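Below you'll find the structure, written out as structure tokens, and then a few comments.
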Amino acid sequence: MTLSPAFATMIAFSAITIVFFLIAAFLGRMVLGALGRWLVTADPLQPAACILVLGGHFPWVVVEAASIYRSRWAPEVWLTQQRQTPEQRVFEQLEIDIKPEYKHNRHVLERGGVPAQAISLIEQPCHNTVEEVRNAARQM
């Protein structure tokens, strides 16, 4: 039984394509891994005017902020606050007390050894990280 030239060409093309993708996947993994290791830097901490705690990843970020404060890298900790969400407004209308994240953050900081007078709240509520950084820069 003989294969038609078109069918043989199609099989050869398919085999070459599969080999190409396997090589690309292998090399891509190596290149991306090397690139990832190159991009990650571990700059040593330096003294700062304040520790800025951005929203999210509660409680891990604020626990680390308390640790950095206790190590005396900065004299104060600043907290951002998020804008009220529609869900929070519904809880408020139902008279269910759901505390905003910054209040929990403050409590964790105090429990972590940060004195209340060393904790500041950025007054302007934020919607995202860019707003948090801009509001912190304005308050400085």
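The values are calculated or read from the model by the stated rules, or taken from the named source; none is laboratory data. Computed from a prediction, not measured in an experiment: that's the story for all the values here. Cβ placement follows ideal geometry from the backbone for every residue including glycine, while neighbour counts extend to all protein chains displayed. Remember, those area values only see protein heavy atoms, side chains included, never the ligands or the DNA or RNA. Shrake-Rupley method; radii C 1.70, N 1.55, O 1.52, S 1.80 Å.
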On a 0 to 90 degree scale, rounded to 10, what angle separates helix 60-70 from the longest Cα axis of the chain? 50 degrees
How far is helix 5-39 tilted, in degrees, relative to the longest principal axis of the Cα atoms in the chain, given as a value from 0 to 90 rounded to the nearest 10? 30 degrees
Would you please classify the overall shape of region 19-117 from the alpha carbon gyration tensor, given that a ≥ b ≥ c denote the square roots of the eigenvalues, rounded means a/c under 1.5, and beyond that prolate means a/b larger than b/c while oblate covers the rest? oblate
Roughly how many Å is it from the Cα centre of region 123-140 to that of region 33-105, as a whole number? 13 Å
Within the chain, excluding any GluC sites (Glu not before Pro) found in a DSSP loop (not H, G, I, E or B) and having at most 16 other Cβ atoms within 10 Å, the longest uninterrupted segment runs 1-75
So, in nm, how far is label residue 85 from label residue 49 when the simple model puts each one 7 Å beyond its Cα toward the Cβ? 3.2 nm
Residue 93 and residue 38 label points (each 7 Å along its Cα→Cβ direction) are spaced in nm at 5.4 nm
Mean residue ellipticity at 222 nm from the helices of the chain, using -39,500 (n - 2.57) per DSSP H segment of n ≥ 4 over the full residue count, to the nearest 500 deg cm²/dmol? -18000 deg cm²/dmol
Expected-Rg normalisation [2.2 N^0.38 Å, Cα atoms] applied to region 82-124: 1.39
With every protein chain left in place, what is the accessible area of residue 10 in Å² (1.4 Å probe, nearest 10)? 110 Å²
Only four residue types carry charge here, +1 at the Cβ of Lys and Arg and -1 at the Cβ of Asp and Glu. Report the dipole size of region 70-140 about the Cα centre in Debye, rounded to the nearest 20. 320 debye
Can you tell me the orientation of helix 101-111 relative to the chain, as the angle in degrees between its alpha-carbon axis and the longest Cα principal axis, to the nearest 10? 70 degrees
Ignoring ligands and nucleic acids, residue 127 exposes an accessible area, probe 1.4 Å, in Å² to the nearest 10, of 120 Å²
Any chance you could look up the accessible area of residue 19 with a 1.4 Å probe, heavy atoms only, rounded to 10 Å²? 80 Å²
